[in-house]
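The values are calculated or read from the model by the stated rules, or taken from the named source; none is laboratory data. Keep in mind that what you see is a predicted model, and the values were worked out from it rather than measured. Quick reminder, even Gly has a Cβ in these numbers, built from the backbone with ideal geometry, and neighbours come from all protein chains shown. Accessible surface is based on the protein model in full, side chains and every heavy atom, while ligands, DNA and RNA are left aside. Shrake-Rupley method; radii C 1.70, N 1.55, O 1.52, S 1.80 Å.
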Amino acid sequence: MLQDLRFRLRAFFRKDVMDLELNEELRFHFENEVEKYKRAGMGEDAARRRARLAFGGQVQIREDCQDARGVSFLETTIEDARYSLRTMRKNSGFFGIAALTLALGIGASIAVFSLVNTILLKPLPYPNANRVVMLWREGPLAGIGDMPWAPNEYSILARAATAFQNLGAFKKESFNLTGSSSPELLEGVRASTGFFPALGYRRRWDALSPLKKTSQAMIM
Amino acid sequence: MTDQHIDLPQGTLDLLILRTLALGPQHGWAISERVQQVSSDVLRIQQGSLYPALHRLERRGWIKAEWGTSENNRRAKYYELTRSGKKQLEVETDSWRKLATAVAQILESV
């Protein structure tokens, strides 16, 4: 195994040396063949012709030897890559458009995926996020759903509901932040006391640490 | 020149090379000459198959090559059987004997 790898590496990186060695080896064989025919009584020319006939195609032998060394796959791949690069350089306009198309395609895919990943795939950053639900009110007679709760409806629900460990309500609201510089409008929610326990935090201060990472949080 | 030599069956070339090298280090030409002589001119290894086979055997680690000087004072590549090559020779000799016996049995039974 190791021997095989060592041989292949040498065959690949010292290709020219290996080729030279093979040439010398084949020439040695050829000369010996010629000698043999001369000893058998042939003239120099006849012996050479005869040896050449017996020898067959040198190019073929060389290729077969390269195959036997087990590097031809690597060599062909590198040749192909070189050819592609040459072609690219020649048709740089076409290559530019192709590369741009690829870049835009990959970029768009990444953008869409990161969006989908944050919104749909990644679990919400709460403990037991899979047990947190949001309740909506329905008006079956009017045929409308996904309605928010009125404050008095919520207090009835909160008293009656037994299926939930904690129940909390929130209402979207914006706040003014004033200080030494110009005031700023902050978007947020006003939440009931049950809100943080419902999200899985025992005390509302516990909620601060994960929220700080994603956005600015303010607890009133 | 009579045309009495036959083509080598697949896979026997390796065996013949290993067997020839078991006698001692040899260069490619000597291997093909020896096989031809010992087989009374029946078997001939074409250069086109000999050298690829030598490279293949070397890659497998069954033989190793070293440059040396030939009888006629020229640089030649000598091949030598390695230890795993000796083991391989035993394995291949064994399986060749089995094959030859089996084929002979079938030929004689009919």
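The set of residues from region B:53-95 being of a type in the set (A, V, I, L, M, F, W, C) and part of a helix (DSSP H, G or I) comprises B:Ala53, B:Leu54, B:Leu57, B:Leu89, B:Val91. Specify the residue that is modelled with the lowest pLDDT; the eligible residues are those in region B:70-110 that are among the hydroxyl-bearing types (Ser, Thr, Tyr) and over 20 Å from B:Thr20 (Cβ atoms). This residue is B:Ser109. Tell me yes or no: at least one residue of region B:10-27 is open to solvent by 70 Å² or more (accessible area, probe 1.4 Å), under 17 Å from the mean Cα position of the chain (by Cα), at pLDDT below 90 and on the phi < 0 side of the Ramachandran plot. For region B:10-27, residues open to solvent by 70 Å² or more (accessible area, probe 1.4 Å), under 17 Å from the mean Cα position of the chain (by Cα), at pLDDT below 90 and on the phi < 0 side of the Ramachandran plot: present.
So which of A:Ala81, A:Ala103 is within 30 Å of A:Asp4 (Cα to Cα), among the aliphatic types (A, V, I, L, M) and open to solvent by less than 70 Å² (accessible area, probe 1.4 Å)? Lay out the reasoning, then the answer.
Values: A:Ala103 fails: within 30 Å of A:Asp4 (Cα to Cα).
Matching residue, one of A:Ala81, A:Ala103: A:Ala81.
A single entry from A:Leu53, A:Leu74 fulfils the requirement of being surrounded by fewer than 15 Cβ atoms within 10 Å (Cβ to Cβ), in contact (Cβ under 8 Å) with a residue 40 or more places away in the chain and in a helix (DSSP H, G or I): A:Leu74. Can A:Arg69 be described as closer than 30 Å to A:Asp19 by Cα and open to solvent by less than 50 Å² (accessible area, probe 1.4 Å)? So A:Arg69 fits the description; yes. Residues in region B:28-47 that are open to solvent by 30 Å² or more (accessible area, probe 1.4 Å), in a helix (DSSP H, G or I) and more than 15 Å from A:Asn32 (Cα to Cα): B:Gln37, B:Val38. Give me the pairs, please: first residue somewhere in region B:50-76 and within 14 Å of B:Ile31 (Cβ to Cβ), second residue anywhere and small (Gly, Ala, Ser) and part of a loop (DSSP other than H, G, I, E, B), beta-carbon distance under 7 Å, and either six or more positions apart or on two chains. Close Cβ pairs (under 7 Å, with a partner that is small (Gly, Ala, Ser) and part of a loop (DSSP other than H, G, I, E, B)) amount to B:Ala76/B:Ser70. In region B:63-83, of all residues being open to solvent by less than 40 Å² (accessible area, probe 1.4 Å) and among the hydrophobic types (A, V, I, L, M, F, W, C), the one that is farthest from the other protein chains (Cβ to nearest Cβ) corresponds to B:Leu81. Can you name the residue in region A:134-155 that is part of a loop (DSSP other than H, G, I, E, B) and in contact (Cβ under 8 Å) with a residue 12 or more places away in the chain and, of all such residues, is nearest to A:Phe195 (Cα to Cα)? Per the stated criteria, the residue is A:Leu135. In region A:156-170, of all residues being open to solvent by less than 50 Å² (accessible area, probe 1.4 Å) and in a loop (DSSP other than H, G, I, E, B), the one that is modelled with the lowest pLDDT corresponds to A:Ala161. Reported count of residues in region A:56-66, each being at the interface with another protein chain (Cβ under 7 Å from one of its Cβ atoms) and surrounded by 16 or more Cβ atoms within 10 Å (Cβ to Cβ), is 3.
Conditions (1) away from chain B (no Cβ under 11 Å); (2) crowded, with 16+ Cβ neighbours inside 10 Å, marked per residue:
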position	(1), (2)
A:Phe7	no, yes
A:Lys15	yes, no
A:Glu35	no, no
A:Asp45	yes, no
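A:Gly41 falls short on exactly one of the conditions (1) assigned to a helix (DSSP H, G or I); (2) more than 8 Å from chain B (Cβ to nearest Cβ); (3) at pLDDT 85 or above, and that condition is (1).
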